[in-house]
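Below: one structure, written as structure tokens.
Read-outs: derived from the displayed coordinates by stated rules, not from any lab. In this text the structure is predicted, and so the values were computed from the model without any measurement. Every residue, glycine as well, gets a Cβ built from its backbone with ideal geometry; the counts of neighbours run over all protein chains shown.
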Amino acid sequence: MDPNNPYETWQAVIDKVKSYGTVNPAQIDAFLGRMQPQASSEGFLMATVDTEFIKGQIEKRFLAQIEQALNELFGVAYVVEIEVDPNSSAFMQQIAAAARPAQASVSQQPTAPAAMPVPAAQSPAPQPAVAQAPVAPAAQPTPAAQLSPATQPTAANAPAAQLTGSQIAAANGMDIGAAALTFENFVIGDSNRLAYSMAVAVAENPGKSTLNPLFIYGKSGLGKTHLLRAIQNYILETRRELRVVYIDASEFINEYSIAAQAHAKDKSSYQTFQSRYLDADVLLIDDVQYFQGKEATINIVFQLFNRLTDAGKQVVLSADRSPKNIDIDERYKSRFNSGGTYDIQPPEVETKLGIIKSFIDEYKRTEGSWDLYIPEDIQMYIAEISSSNVRELKSAVTKVISQMTAFGNPDITLADVKSLLENHFSAGALRKITVEAVQKEVEQYYQVSHADLVGKKRTRNIAYARHVAIYLCRQMIDIPYNDIGKRFNRDHSTIMSSVEKIEEKLKNDRELQEELEIVIKNIREN
């Protein structure tokens, strides 16, 4: 190998670092893939990255491994220099290319009205309220009347570098848990790497047209809120002149309802509500699927949406399903999809294992329990049996740690853990699911009657729903084909054929994957 060939050298370094096994290969690709080698010689390597954030992450996470790899490859100590050059990577061109198909599919976008009328009051949604949405201190002070005491900055004049996480949280009305959700502690895997990269790109350069809006979707517990909060925290730390508003859709609905109801008595109440969002430089709305069926609220959301994006302000949205599967007006779906739309898939075992290790390390740091040791076979067992919900995964690790510490079992065995977590994960309840429950939810989702689902009709929509129901019965209840056939008035070979059709379609059909996730969630919750 020629040490004077930077590209050959760099590829060898990446391969070598991946062989160490201390870092998830997907994390290496996510960061080292952004580095472009520029020059190399014996004992020296110079490379560029496109942003300060990526430089900082590489130096913090991987520089020691890069230097170790170079030493092992060439037998001499290396000095590695990393410089920032925004033009050094084709990353943003990749973003633009990825966003282009979504933009091309936009048929018609609603035009922002000149003024925002106050619609009739709407009853609050039965969603739990969340903590007050944070507002970053703006370059021009916002009138006190527009900010609640929780959002009044308490450390606005301190340089960002001097603020602790708790001070930043307090200054922006955030709880400590939300302030702790950063890009640094987000575990990257193949299932979420693209969404993570897009979130970083928005945080570094909010308002860029190819990613405005940024729409991130995936089922509950996969890290959508973590990414939205990470965008918020990164901007609060690095761009303190920008005003950032994060809000959950259910809280937005409640706030709007209160403001609309109060408008008759206090004309300024609705104006205050409206100004809070129109004054934002970055608006992040979580769980927008809750806007389904809230016609008045969603009209207001899209008026805000249009005026902010038209002004070059950044909007970031998340949901548990893609825009096309949210039950709202088609024009609004197109607007949701007009920037960059990226999904987070359930984590693979390697990513779940990375999450477990990260959580254990975090516990050691926060509790000072440096001697805590969870055997590798136990960590792997938890990763393999756990559901895709990261919250459930972390709670399982917490349960094991509690058993080891609070209940005096530091030498916990794999058998102990198997018994401890026997009914912990949602998948443990699958044996309680009935064929009737599967049929009911499939019928509701695909709008077919029970008589048609189990009858002889073979029209396309009915046959499709029938295949899905049969497949889910096989997957979620795991009963023999003959038993399923009796409940659908079909023979063994027909049931087997239905299962095979869905299995084959799932290999390449992301839309079907998402449909099944929604139906499965409904089956488990109802």
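Tell me, how many Å apart are the Cα centres for region 202-260 and for region 274-332?
11
Identify the GluC sites (Glu not before Pro) of region 194-298 meeting these criteria: DSSP loop state and at most 13 other C-beta atoms within 10 Å of the C-beta.
Those satisfying the criteria are Glu241.
Distance check, please: which entries in Lys394/Lys521; Lys364/Lys394; Lys324/Lys507; Lys219/Lys324; Lys324/Lys352; Lys219/Lys418 exceed 23 angstrom between their Cα atoms?
Over 23 Å Cα-Cα: Lys324/Lys352; Lys219/Lys418.
Students often check this: by mean Cβ neighbours within 10 Å, which of 497-510, 351-364, 332-345 ranks highest, and how do the rest follow?
332-345, 351-364, 497-510
Using modelled amide H (1.01 Å from N, peptide plane; none on Pro or chain starts), what sits under 5 Å from the amide H of Phe215, excluding residues fewer than 5 places away?
Leu317, Gly340, Thr341, Tyr342
If the chain between Asp491 and Asp377 were fully stretched, how many nm would it gain, using 0.36 nm times the residue separation less the Cα-Cα distance?
36.7 nm
How many percent of all Cα-Cα pairs in region 1-91 sit more than 18 Å apart?
Counting every Cα pair in region 1-91, those more than 18 Å apart make up 37 percent.
Apply the Kirkwood formula to region 369-526: the hydrodynamic radius equals the inverse of the mean of 1/r over all pairs of different alpha-carbon atoms; give it in Å with one decimal.
Taking the inverse mean of 1/r over all distinct Cα pairs, region 369-526 comes out at 17.9 Å.
Along region 289-300, what does the Karplus equation 6.51 cos²θ - 1.76 cosθ + 1.60 (θ = phi - 60°) give for ³J(HN,Hα), rounded to whole Hz, x for Gly and Pro?
Per residue, the Karplus-derived 3J(HN,Hα) values read 5, 6, 6, 4, x, 10, 4, 5, 5, 5, 4, 5 Hz.
Can you pull the Kirkwood radius for region 287-421, inverse mean 1/r over Cα pairs, to one decimal in Å?
By the Kirkwood definition, the hydrodynamic radius is 18.2 Å.
Summing +1 for each Lys or Arg and -1 for each Asp or Glu, what net charge is found among the other residues whose Cβ lies under 9 Å from the Cβ of Pro206?
Result for the neighbourhood of Pro206: +1.
Along the charge dipole of region 389-526, pointing to its positive end and built from +1/-1 on Cβ of Lys, Arg, Asp and Glu, which listed residue (Asn423, Ala465, Gly455) has its Cα farthest out?
Gly455
Share of Cα-Cα pairs in region 317-373 beyond 13 Å, in percent?
For region 317-373, the fraction of Cα-Cα distances above 13 Å is 70 percent.
Just to be sure I understand: if I project the alpha-carbon convex hull of region 224-352 onto a plane and average over all orientations, what area do I get in nm²?
Averaged projected hull area, Cα only: 9.2 nm².
What area, in nm² and to one decimal, does the C-alpha convex hull of region 445-522 cast on average over all directions?
With the hull built on Cα positions only, its mean projection is 4.9 nm².
Modelled label-to-label distance, Lys521 and Glu503, 7 Å Cα→beta-carbon offset: nm?
2.7
What FRET efficiency do you get for Ala415 and Glu367 if R0 is 35 Å and r is their Cβ-Cβ distance, rounded to the nearest 0.05?
In this case the efficiency is close to 0.85.
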